[in-house]
Amino acid sequence: MMYYLVEFDPKPGVTQREVADAYRRFVEHYIKIFPQMKMEGLFARDMLLGTRPHYFALWEMPDYATLDAWKKAYAEDPDGARLTREINDMGVEWNAKIVKKLL
């Protein structure tokens, strides 16, 4: 199993509710296409302790082939692209990576 981690900060004026609602629509769309991907959660820093990122989303997926298929489907999916743009327009300092669970 592998994990896809996406980190970002909000643009000025973007509320936590707006980010959560946009990400929920994105997740609902993509889990219909890729049920093998599991959204572990969208997390926000609490009490703003520490430095960035303010938000991170964690997805669980079985393998790199799933990530490749997701990227290919995205390229051919105007609704998914629109939902992705909606999220991207709310954030700055985006960072994504594949991570593995050690413990």
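Sort out which residues of region 13-49 are in contact with a helix residue (DSSP H, G or I) (Cβ under 8 Å, 6 or more places away or on another chain) and either polar (S, T, N, Q) or loosely packed, with under 12 Cβ neighbours inside 10 Å (or both), and write them in order of number.
Hit for region 13-49 is Gln36, nothing else.
Go through region 50-103 and give me each residue that's of a type in the set (Phe, Trp, Tyr) and surrounded by 16 or more Cβ atoms within 10 Å (Cβ to Cβ).
If the condition is that a residue be of a type in the set (Phe, Trp, Tyr) and surrounded by 16 or more Cβ atoms within 10 Å (Cβ to Cβ), then Tyr55, Phe56, Trp59, Trp70 are the ones that fit.
Taking region 30-72, which residues are more than 18 Å from Ile98 (Cβ to Cβ) and either small (Gly, Ala, Ser) or touching a Lys or Arg at 6+ places or on another chain (Cβ under 6 Å) (or both)?
Ala44, Gly50, His54
Across region 43-61, what is the total count of residues that are farther than 11 Å from Asp9 by Cβ and modelled with pLDDT of 85 or more?
Selection size over region 43-61: 6.
Residues being assigned to a helix (DSSP H, G or I) and over 20 Å from Thr15 (Cβ atoms): count how many of those fall in region 65-103.
Number of matching residues: 16.
Would you point out the residue of region 1-24, among those that are among the charged types (D, E, K, R) and touching a residue at least 60 places away in the same chain (Cβ under 8 Å), that is farthest from Met61 (Cα to Cα)?
So, considering only residues that are among the charged types (D, E, K, R) and touching a residue at least 60 places away in the same chain (Cβ under 8 Å), the one farthest from Met61 (Cα to Cα) is Lys11.
Which members of region 1-32 meet the condition of being β-branched (Val, Ile, Thr) and touching a Phe, Trp or Tyr at 6+ places or on another chain (Cβ under 7 Å)?
Correct list: Val6, Val19.
Working only within region 45-64, note down all residues that are part of a loop (DSSP other than H, G, I, E, B) and either within 9 Å of Tyr3 (Cα to Cα) or touching a residue at least 60 places away in the same chain (Cβ under 8 Å) (or both).
Pro62, Asp63
Do we find that Val27 is closer than 30 Å to Leu103 by Cα, under 11 Å from the mean Cα position of the chain (by Cα) and free of Cβ contacts under 8 Å to residues at least 60 places away in the same chain in this structure?
Yes, satisfied.
The values are calculated or read from the model by the stated rules, or taken from the named source; none is laboratory data. Computed from a predicted structure; not experimentally measured. Backbone-built Cβ (ideal geometry, glycine too); neighbour counts: all protein chains shown.
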